[in-house]
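Read-outs: derived from the displayed coordinates by stated rules, not from any lab. Everything quoted here is computed from the prediction, not taken from an experiment. With ideal geometry, Cβ positions are generated from the backbone for all residues, glycine too; neighbour counts draw on all protein chains shown.
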Amino acid sequence: MTTLNPFPNRYRPLKTNLTDTPALIIDTEANPQDLLEAALQRVRASSELLRTLHCQCFEQGDLEDIPNITHALYLLAQDGCDLLMVAQQRLMGWKAPA
């Protein structure tokens, strides 16, 4: 039975890369525990930033900060999701071709 290879290349670019030549990549052969730790770090950072924003008083805030904050949250959350997807595939037993 043929199994589909979800990652045809060992190095998978993060979706948050904006250039034609990705500078940030995920090693799909990395230890799943390391992938999960990296994902957790990013998801936790975005969650803590959201909690901080939830507790803040915006009377002294600047409207120009909103795009900066949402961009940081997007990068953290999307990178975390990309890492979780690779970790999930690794934990399900997929191996990169030699």
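Give the label of the value calculated from the structure for Cα extents along the principal axes in Å, choosing from (1) 61, 28, 20; (2) 65, 34, 16; (3) 55, 28, 25. Recomputing Cα extents along the principal axes in Å here gives the entry labelled (1). Helix-only arithmetic for the chain: the sum of -39500 (n - 2.57) across DSSP H runs with n ≥ 4, divided by the residue total, places the mean residue ellipticity at 222 nm at -18500 deg cm²/dmol.
Relative to the longest principal axis of the Cα atoms of the chain, the long axis of helix 65-91 makes an angle of roughly 20 degrees.
Compute the helix-to-body angle for 32-55: its Cα long axis versus the longest principal axis of the chain, expressed 0 to 90° and rounded to tens. Once rounded, one gets 20 degrees. Fully extending the segment from T16 to N68, taken as 0.36 nm per residue of separation minus the present Cα-Cα distance, adds 17.2 nm.
Pairs of Cα atoms nearer than 8 Å and 6+ residues apart set the relative contact order; for segment 30-91 it is 68 percent.
Distance in nm between label sites at N31 and C57, each 7 Å beyond Cα in the beta-carbon direction? For the pair N31/C57, the computed spacing is 4.7 nm.
Between the amide H of I26 and those of R12, L14, distances stay under 5 Å, these residues lying 5 or more places away or on another chain, with hydrogens modeled in the peptide plane.
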